[in-house]
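The values are calculated or read from the model by the stated rules, or taken from the named source; none is laboratory data. A quick note: this is a predicted structure, and the numbers were derived from the prediction, not measured. All Cβ positions, even for glycine, are placed from backbone atoms using ideal geometry, and neighbour counts span all protein chains on display.
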Amino acid sequence: MHKLSPVPYGSLVFAPMEGITDEAFRKTILKLYPEWDYLATDFLRVPSAGRYPTKHLIRHFGKELSEIGWVKDKTMFQILTSHRAFTIQMVKDVADLGYPWMDINLGCPSNTVTKNGGGSSLLLDLGALRTLLKNIRDNFSGRLTAKIRTGFHNTLEFEDSIKLLNDEGIEMITVHGRTRDMMYKVPAEWNYIEKAVKISQVPIVGNGDVWCVSDIHRMLKETGCHAVMVARGALKAPWIAQSYKQGVIEETAEERFRKIQKFFFEYRSELESENITDRGLLKQSKSVSRFMLDGIQNSEIIRRKLLLSQTAPDFYSIIESL
Ligand SMILES: Cc1cc2nc3c(=O)[nH]c(=O)nc-3n(C[C@H](O)[C@H](O)[C@H](O)COP(=O)(O)O)c2cc1C
């Protein structure tokens with residue numbers, strides 16, 4: 001496995017998002033907004049028995065994108081595992097396919113995942129997590145990173161978890177400033193990101209409630225983090241990395257409408273090139289549009305119309321009329 005060059009200070013990472021950051025979506029982002037320094041696949045659950053066929057792993061990353069070296073270098077392949085899953089086999093399989101960057105999901109809060117011992121629930125037993133991380137590290141020579149919440153029920157073991165990740169060879173840690181129990185109910189606590197920066201030897205990526213360009217500046221300044229990861233804010237404005245790099249702080253509703261149209265024009269053509277059904281196109285487009293009108297005055301009616309549209313042509317005629 002070739003060695004990736006270090007992540008530069010101030011890098012912007014498009015967050016992993018289940019149901020969103022699939023190949024068509026990432027291709028759209030790469031084409032329209034190359035200003036994103038790094039991207040992520042959404043999580044791939046490690047099977048609890050057996051192994052995935054090679055085709056399945058490649059499809060998760062994206063068949064076409066898997067052929068492009070520089071895309072592989074800038075995209076983390078995220079896995080979601082538990083103590084019962086067949087982790088070592090999958091880690092070896094991902095490594096054998098030449099994906100140079102693996103990210104371990106230690107933050108997923110969903111009940112389905114945590115009741116099976118995955119995602120954020122791995123933070124409940126740091127001893128067992130240490131063993132799991134050792135097994136992964138021993139079998140993956142590429143860049144190994146982790147994405148973490150500040151704890152499960154509380155933050156009592158937050159510092160220990162950061163130290164543990166450092167000890168076990170994790171090369172960069174994304175900290176989402178909320179515990180699992182907080183879900184999304186309270187504002188992200190950036191002071192934990194700052195705390196992680198102070199105790200970690202490896203770079204910390206700050207994550208949580210970055211909604212606009214000035215939040216990116218603020219996150220870097222207030223927490224001292226090395227890079228910033230954006231999830232919902234990047235659904236609101238997939239072009240936020242471009243705005244950040246071009247120094248654009250404010251944009252009018254009119255400018256946003258034009259950007260939304262440009263985004264959906266490209267996204268639709270990516271999905272159609274996969275021969276997606278009309279139903280699939282509608283479903284994906286609705287999911288992706290969830291935050292895009294946020295903050296635009298009087299946009300409630302448009303948002304409702306988009307969500308209620310019954311066919312993809314209906315959805316896209318609303319987009320065209322923006
Ligand atoms: C729809 C959706 C899907 C998500 N899927 C994942 C995922 O697959 N892996 C992951 O690590 N985090 C996932 N997250 C969490 C985000 O990556 C991020 O940590 C969280 O939303 C906080 O960042 P934000 O305030 O910028 O949204 C998801 C979030 C959303 C909204």
Filter the stretch 189-203 for residues that are within 16 Å of the ligand (Cβ to nearest atom) and free of Cβ contacts under 8 Å to residues at least 40 places away in the same chain; which is surrounded by the fewest Cβ atoms within 10 Å (Cβ to Cβ)? Asn191
Given Thr131, Thr155, Thr112, Thr174, which one is part of a strand (DSSP E or B) and in the same structural domain as Trp190 (by TED's automatic domain parsing)? Thr174
Top-ranked residue in the stretch 164-176 [being surrounded by 15 or more Cβ atoms within 10 Å (Cβ to Cβ) and more than 16 Å from the ligand (Cβ to nearest atom); ranked as nearest to Ala95 (Cα to Cα)]: Glu171
Among residues of the stretch 1-27, those that are within 16 Å of the ligand (Cβ to nearest atom), of a type outside the set (Gly, Ala, Ser) and under 20 Å from Ser243 (Cα atoms), counted: 5
Quick one: how many residues across the stretch 115-132 are within 13 Å of Arg149 (Cα to Cα) and surrounded by fewer than 19 Cβ atoms within 10 Å (Cβ to Cβ)? 1
Can you tell me which residues in the stretch 273-322 are charged (D, E, K, R) and part of a helix (DSSP H, G or I)? Asp278, Arg279, Lys283, Lys286, Glu300, Arg303, Arg304, Lys305, Asp314, Glu320
Select from the stretch 212-257 the residues that are of a type in the set (Asp, Glu) and at pLDDT 95 or above and write down the one among them that is nearest to the ligand (Cβ to nearest atom). Asp215
